[in-house]
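Have a look at the structure below, then the notes.
The values are calculated or read from the model by the stated rules, or taken from the named source; none is laboratory data. Bear in mind that the values here come from a model prediction, so they are computed numbers and not experimental data. Because the Cβ atoms are built from the backbone with ideal geometry, glycine has one as well, and the counts that use them run over all protein chains shown. The protein model used for the area step is the full one, side chains on, heavy atoms only, and it has no ligands, DNA or RNA in it. Shrake-Rupley method; radii C 1.70, N 1.55, O 1.52, S 1.80 Å.
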Amino acid sequence: MDSDIGTSDTGRIEIDETIFNPYSVDFVHDPFPTWQRLNETYPVSYHKLFGLWVVATHALNFELLKDPRLTASPRAWALATPEKAEADKNAFDHMNDHLLFNVAVADHIRLRKLTFPAFAKTVMDQIEAKIRDVIVGVFDAIGDADSFDAYEDVAAQIPVRTITHMVGVPKDAEELFEHGFVHNLVLIGNPLYPMDQRIAAMNATIPGIELLRGLIAERRALADPGDDFLGTLVGTVQNGDRLSDMEIIALVGAVISAGADTATDLHTFAIQELLQNPEQWQLLQREPARINDAIHEILRCSSAGKMGLYRFALQDCVIGGQHIRKGEAIMMAITAAWNDPARWPDPRRFDITRSAEHGLVFGVGPHFCIGSSLVNVQGKVMIEELSRRFPNATLAGDVAYDYTHHNARRIVKMRVNTNLA
C-alpha cells in the first residue's frame with residue numbers, strides 16, 4: 001500500500017487524487033497505469049476528495065450491476081438535494097420522475113415492456129437507414145480531400161444529428177434540441193459536476209422537453225402515429241396500457257444520455273484504434289461480420305470514460321471487504337474493469353476477435369444500456385463508410401484532448417490522411 005494513503009480508524013481503505021485523478025493531464029493521456037493500480041492494489045477504496053467509493057475490478061463490477069442493495073437513482077444518495085413538492089416541480093422534474101432508474105421495480109419492468117417494440121428490428125432498420133443518410137452526408141462533405149479531422153469532420157457531426165433524425169425533430173428546431181436538450185442532459189448525468197451548473201443544465205433542458213411534448217401531441221392526433229421510433233412509442237398498447245407523454249420524453253432522454261456522448265468518443269477512438277492497428281483493420285475489412293465485436297473492443301480498449309457508473313447504497317453492506325453505509329455513493333470504475341487482466345489477458349492489446357460475453361461495456365441484466373443499439377449502429381455504419389471511402393487511411397499526427405471535459409477523455413483533434421492517390 002502507498003505510504004501516503006492508508007486505512008481510516010474504521011478500517012476503511014482510502015485514496016485521494018494522488019492515486020486517482022481523472023482530471024489530470026497525465027490521466028487523460030494515459031489512464032491505464034491508474035486502472036492497473038486500482039485493479040491490483042485498491043479494488044474497493046474510498047476517495048477522500050470525491051467523497052465516494054471507487055470499485056475497480058471486473059468481477060466486483062459485474063456483481064454490483066446486479067446487486068439489489070444498490071440503486072442507480074441518485075435520490076438514494078445521502079447528499080442528494082431534497083425532492084421538491086409536487087406543486088413546485090418543473091418539466092425537468094417531471095421527466096426525471098419517469099426515468100427508468102428513478103421508478104419502482106414494477107414500473108421499471110412495465111416501462112421496459114412498453115418500450116421494447118421501439119427497439120425491434122423493423123424500427124432499428126429504419127433508424128439505421130436514417131443514420132446511414134447522416135453518415136454518408138458527413139463523408140460526402142469530406143469528399144476527396146487529402147486529409148480530414150476525425151473529431152471536427154466526423155465525431156462532432158454524427159451523434160446528435162442521428163438523434164434528431166431518429167426522433168423526427170424539425171430542421172428549424174435542431175439547434176434548440178441539440179444544444180439545449182441533448183448537451184445539457186449529458187452534463188446532468190455526472191453527480192460530481194458542480195451543483196449550481198447541474199441545476200442550470202436541468203433548467204436549460206425545459207425548451208427541449210416542450211419541443212418533444214409538441215412532437216408527441218402531433219403523433220397522438222394522427223389515426224396512425226407511424227412505425228418509426230417515436231411513432232412506435234406513441235402507438236404501443238399492451239393490455240390497455242400505454243406510455244404517457246412524460247414517460248416517452250424520459251425514454252428519449254435516457255437514450256440521449258446513454259448514447260450521445262458514448263457515440264462521439266466511439267467515432268474518434270474507432271478511427272484511432274483501427275488505424276493504429278492495421279492488421280486488425282485489415283481483418284475487419286476482410287471479415288465485416290466481426291463489426292459488433294470490433295465496436296465492443298474499441299470501446300473496451302480505448303476506455304474513453306474518465307469516471308464510471310454511479311450507484312447508491314440502499315442499506316449498509318459489505319463490498320470487497322469494505323463496509324459501505326446506506327446512502328453512500330459508489331463509482332463503478334467500468335473502464336478499470338474493462339482493463340482488468342483477471343478478465344482480459346493482455347488488456348492493452350487491441351483484438352477484435354475477443355469474446356464480448358460478460359464484457360460490461362453496455363452493462364448487464366436489467367441495467368443493460370438502453371442506448372447500445374444506437375451506439376452500435378452508428379459505429380457500424382461509420383466504420384463501413386470509412387472503409388469504403390478511405391481503405392488506406394493513416395493517422396497524420398498528434399492527438400489533442402479536451403482536458404476540461406466533465407466525463408470523457410475527449411479527443412478534439414486527430415488528423416487523418418486519406419491516401420487516395
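Between a first residue in region 240-268 that is at negative phi and a second residue that is of a type in the set (Phe, Trp, Tyr) and outside any helix (DSSP H, G or I), which pairs have beta carbons less than 9 Å apart while being 6 or more apart in sequence or on different chains? Between residues of region 240-268 that are at negative phi and residues that are of a type in the set (Phe, Trp, Tyr) and outside any helix (DSSP H, G or I), the close pairs are ALA258/PHE362.
Scanning region 48-95 for residues that are in a helix (DSSP H, G or I), under 23 Å from LEU251 (Cα atoms) and open to solvent by less than 40 Å² (accessible area, probe 1.4 Å) gives ALA76, ALA91, PHE92, ASP93, MET95. In this structure, does ARG132 turn out to be among the basic types (Lys, Arg), surrounded by fewer than 19 Cβ atoms within 10 Å (Cβ to Cβ), within 26 Å of GLY379 (Cα to Cα) and out of contact with any helix residue (DSSP H, G or I) (no Cβ under 7 Å at 6 or more places or on another chain)? For ARG132, the condition - among the basic types (Lys, Arg), surrounded by fewer than 19 Cβ atoms within 10 Å (Cβ to Cβ), within 26 Å of GLY379 (Cα to Cα) and out of contact with any helix residue (DSSP H, G or I) (no Cβ under 7 Å at 6 or more places or on another chain) - is not met. Could you please find all residues in region 226-239 being open to solvent by 10 Å² or more (accessible area, probe 1.4 Å), in a helix (DSSP H, G or I) and touching a residue at least 24 places away in the same chain (Cβ under 8 Å)? Scanning region 226-239 gives a single hit, THR232.
Out of curiosity, is LYS113 farther than 20 Å from ARG311 by Cβ, open to solvent by 60 Å² or more (accessible area, probe 1.4 Å) and part of a loop (DSSP other than H, G, I, E, B)? Spell out how you get there, then give the answer.
On the way: farther than 20 Å from ARG311 by Cβ: yes; open to solvent by 60 Å² or more (accessible area, probe 1.4 Å): yes; part of a loop (DSSP other than H, G, I, E, B): no.
In short, no.
Being at pLDDT below 90, open to solvent by 40 Å² or more (accessible area, probe 1.4 Å), more than 25 Å from GLY208 (Cα to Cα) and hydrophobic (A, V, I, L, M, F, W, C): is that true of VAL105 here? Yes: the conditions hold for VAL105. Take THR122 and decide whether it is part of a helix (DSSP H, G or I), of a type in the set (Ser, Thr, Tyr) and either at pLDDT 90 or above or open to solvent by less than 40 Å² (accessible area, probe 1.4 Å) (or both). No: the conditions fail for THR122.
Every condition in (1) farther than 29 Å from PHE50 by Cβ; (2) touching a strand residue (DSSP E or B) at 6+ places or on another chain (Cβ under 6 Å) holds for VAL154 except the one numbered (2).
To keep it simple, each residue is scored yes or no on (1) open to solvent by 30 Å² or more (accessible area, probe 1.4 Å); (2) in contact (Cβ under 8 Å) with a residue 40 or more places away in the chain; (3) in a helix (DSSP H, G or I).
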{"site": "PRO159", "(1), (2), (3)": "no, yes, yes"}
{"site": "GLY180", "(1), (2), (3)": "no, no, yes"}
{"site": "LEU187", "(1), (2), (3)": "no, yes, yes"}
{"site": "ASN190", "(1), (2), (3)": "no, yes, no"}
{"site": "TYR193", "(1), (2), (3)": "yes, yes, no"}
{"site": "GLN197", "(1), (2), (3)": "yes, no, yes"}
{"site": "LEU211", "(1), (2), (3)": "yes, yes, yes"}
{"site": "ILE216", "(1), (2), (3)": "no, no, yes"}
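Each row is one residue, and each column tells you yes or no for (1) over 30 Å from ALA329 (Cβ atoms); (2) out of contact with any helix residue (DSSP H, G or I) (no Cβ under 8 Å at 6 or more places or on another chain).
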| residue | (1), (2) |
| --- | --- |
| ILE158 | yes, no |
| ASN184 | no, no |
| GLY208 | no, no |
| LEU211 | yes, no |
| GLY214 | yes, yes |
| PRO225 | yes, no |
| PHE229 | yes, no |
| LEU243 | yes, no |
